[in-house]
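Where a number appears in this text, it was derived from the coordinates with a stated rule and is not lab data. Given the structure is predicted, the values throughout are model-derived calculations rather than measurements. Counting neighbours? That spans all protein chains shown, and the Cβs are built from the backbone with ideal geometry, glycine included.
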Ligand code: TNX
C-alpha cells in the first residue's frame with residue numbers, strides 16, 4: 001500500500017483497499033508524459049485476455065512474456081491470441097499505430113476502464129511498455145505464488161520514449177565467475193528498468209570465461225581460478241549463446257568484452273607463446289591491475305586475436321565487440337598504438353563495430369568507434385577530441401556510474417578508489433552535459449559497470465546494483481526536464497516492495513523514504 005504522501009491524484013481511497021499509485025509516482029524510469037484519469041481503473045480478472053498484433057511473432061513473444069509475468073501471482077489463465085482491430089476488452093499489444101515521436105523504443109499506453117492498449121512502432125517499444133504496465137500493478141504482482149487481488153491499474157495515458165538509445169549495464173564475470181542462472185537473474189532485473197545493452201566482461205587477469213575452440217587452454221587453464229583462489233569457471237559456447245538468447249528475449253543486446261592488451265594474465269598464463277619472453281606467468285588471484293600485456297611485437301599475438309574475435313563474433317548477433325584497452329600500464333604508448341593499429345581492423349574484419357574503454361580512442365580516427373568514458377574528471381582531451389570528430393560516447397564515469405563503489409565508509413562490499421557513491425550521487429549528474437566538449441548529441445548513452453573483485457553471489461551483486469542501477473537507468477531513459485531527486489527518491493521507494501517480493505537484496509539507503 002502506497003503512503004498517502006505519494007498518492008495525490010487518484011481520488012479518495014477506501015480504507016484497507018490496495019490502490020495502484022499514480023504512474024508518475026511509481027514508475028522508474030519516469031515516463032516522458034503521463035496523464036491520469038481520476039476515478040478510472042482497469043481491473044485484471046480471471047477472464048482477462050491478452051491480444052497481440054496478428055502476424056508478428058515478436059509482438060506475440062512480448063505478449064507471452066507479459067502473460068508469464070502475470071500468471072504466477074494472479075493465478076489467471078491470461079490466454080494470448082491475435083488481435084483483430086482494436087479489441088474492446090483485455091490487454092492489447094499493437095504494432096504500428098503509435099505516435100511517430102516514440103520512435104522504435106518508445107510506446108503509448110492507454111488504460112481505461114475496459115481496456116489496456118499498448119502501442120509501439122516495434123517490439124522493443126512493446127517490451128518497454130510492458131515494463132511500465134508491470135510497475136503500475138501492485139508490488140505483489142512480482143510474486144511467483146498466487147496472491148489475492150485486486151489487480152488494478154490506474155486510468156492513464158502515457159507517451160514515453162528514451163532520451164538515449166543505449167542504456168547499459170556491465171557485469172564482470174572474470175574476477176568472480178557467475179553461473180548462467182545468476183546472469184539470467186541479473187538480465188531480468190535489468191530489463192525491468194528498460195536497460196537494453198548488456199556488456200559482459202569476459203576476460204581479465206584472474207580468469208578467461210568463454211571457450212575459444214582454437215585456443216582451448218584459455219579456459220581449461222585460464223578459467224580455472226578467480227579472485228581469492230576459488231575454482232573459477234567458464235561458459236561453453238552453448239552457454240554463452242543461451243545467455244545471448246535470454247538477453248534477446250528481454251530485448252537486451254549482449255556486448256562481449258575481451259580486454260586487451262592489458263588485463264591479460266589469464267591468457268598469458270595459458271599460452272607461453274603470447275609472452276615476449278616465451279615464459280607463461282603463474283595464474284593470479286589477487287586484485288592488482290596494470291601489470292600484464294600481450295606481446296605487441298609478435299605475430300602470434302594477432303593470430304590469437306583474430307581467432308578469438310572470429311569465434312566470439314560468430315556467436316554474437318549484436319553489432320558491437322568491446323576490446324577493452326584500459327589500464328595498459330605495462331604497455332608503452334608506442335606499443336599501445338602499434339597494438340591497436342593491428343587489433344582494431346580485426347574487429348571490423350569480423351563485421352563488428354569496436355567499443356573500448358576510452359583510452360583506446362586516441363589510437364584511431366574511425367568515427368564509428370565507441371569510447372566508453374570511465375574517468376573521474378569532467379574533462380578528458382582524448383574523449384572530447386573524439387566527440388569533435390563525430391564519435392558517440394558511452395558514459396560510465398567511475399565516480400557516478402560504477403556500481404562496485406561503496407555507498408559510504410561502512411559499506412561491507414565494493415571498492416572506493418573512484419568515490420563513495422550514495423544513491424543521490426549516482427542520480428545527480430547530467431549525461432548530456434557532464435564531460436566538457438561532449439554535449440547531448442555526442443552522447444550515445446550511459447552504462448553502469450559492476451566489477452566483481454569483492455562480489456561473489458547474486459546477493460552481493462544486488463546489494464551494489466540496487467538501488468543505484470535504477471538511478472543510472474533513469475538518467476539514460478527519462479528526459480532531463482523530469483530530473484528531480486525529490487521525486488525520484490519517492491518513486492525509488494515505491495520500487496522497494498517489488499524488490500522485496502522478488503527477493504532482491506537491496507541497500508536500504510537512509511536517503512530514500514522506503515515504503
Ligand atoms: C578499474 S575501470 C578497472 C577495472 C577494475 C575497476 C574496479 C576499468 C576500465 N578498469 O579493472 O575492476 O577499476 O573498480
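What percent does the relative contact order of segment 23-160 come to when contacts are Cα pairs within less than 8 Å and at least six residues apart?
This gives 34 percent for segment 23-160.
With n ≥ 4 as the cut-off for DSSP H runs, can you work out [θ] at 222 nm for the chain, using -39500 (n - 2.57) per run divided by the number of residues, rounded to the nearest 500?
Calculated at 222 nm, the ellipticity per residue is -9000 deg cm²/dmol.
Quick one, what does Rg over Rh come out to for segment 100-257 if you take C-alpha atoms and the Kirkwood Rh?
1.10
Quick one: helix 468-477 against the long Cα principal axis of the chain, what's the angle to the nearest 10°, folded into 0 to 90?
80 degrees
What is the Cα radius of gyration of the chain over 2.2 N^0.38 Å, N being its residue count?
Ratio of Cα Rg to 2.2 N^0.38 Å: 0.99.
Kindly express, to the nearest 10 degrees and within the range 0 to 90, the angle between helix 485-502's C-alpha long axis and the longest C-alpha principal axis of the chain.
90 degrees
Starting from the Cα of residue 64, move 7 Å in the Cα-to-Cβ direction to define the label point; list residues of segment 27-52 whose amide nitrogen is under 16 Å from there.
Zone members listed by number: 50-52.
Using the basic label-point model (7 angstrom from Cα toward the beta carbon), what is the residue 505 to residue 430 distance in nanometres?
So the two model labels end up 3.8 nm from each other.
Based on the mean of other Cβ atoms within 10 Å per residue, sort peptides 439-446, 120-127 so the most packed one is first.
Taking the mean over residues of other Cβ atoms within 10 Å, the ranking is 120-127, 439-446.
Can you give the extra length, in nm with one decimal, that the chain gains between residue 388 and residue 302 once fully stretched, where that is 0.36 nm per residue apart less the Cα-Cα distance?
27.9 nm
How large is Rg/Rh for segment 383-505, to two decimals, with Cα atoms and a Kirkwood Rh?
With Rh from the inverse mean 1/r over Cα pairs, Rg/Rh is 0.99.
Note down the nm distance, to one decimal, between modelled labels 7 Å out along Cα→Cβ at residue 329 and at residue 408.
3.1 nm
I'd like the distance between the alpha-carbon centres of segment 252-331 and segment 450-506, rounded to an integer number of Å.
Segment 252-331 and segment 450-506 have Cα centres spaced 32 Å from each other.
Report the gain in length on full extension from residue 157 to residue 181: 0.36 nm times residue separation, minus Cα-Cα distance, nm rounded to one decimal.
5.0 nm
Work out how much length residue 314 to residue 241 would gain on full extension: take 0.36 nm times their residue separation and subtract the Cα-Cα distance, in nm to one decimal.
This chain segment gains 25.2 nm when fully extended.
Using the beta-carbon distance between residue 77 and residue 248 and R0 = 30 Å, what value does 1/(1 + (r/R0)^6) give for FRET efficiency, to the nearest 0.05?
Calculated value: 0.65.
So if R0 is 22 Å, what FRET efficiency would residue 40 and residue 86 give, r being the distance between their Cβ atoms, rounded to the nearest 0.05?
For residue 40 and residue 86, the calculated efficiency is 0.75.
How tilted is helix 180-191 with respect to the longest principal axis of the chain? Cα atoms for both, answer in degrees (0 to 90, nearest 10).
The helix 180-191 is inclined about 50 degrees to the chain.
FRET efficiency for residue 486 and residue 337, Cβ-Cβ distance as r, R0 = 45 Å, nearest 0.05?
Once rounded, the FRET efficiency stands at 0.40.
What does the highest-first list of 174-182, 145-153 look like by mean Cβ count within 10 Å?
174-182, 145-153
Using packing as a proxy for protection, rank 336-348, 196-208 so that the peptide with the highest average count of other Cβ atoms within 10 Å comes first.
196-208, 336-348
Compute the label zone of residue 368 within segment 256-286: residues whose backbone N is under 20 Å from the point 7 Å along Cα-to-Cβ.
256-258
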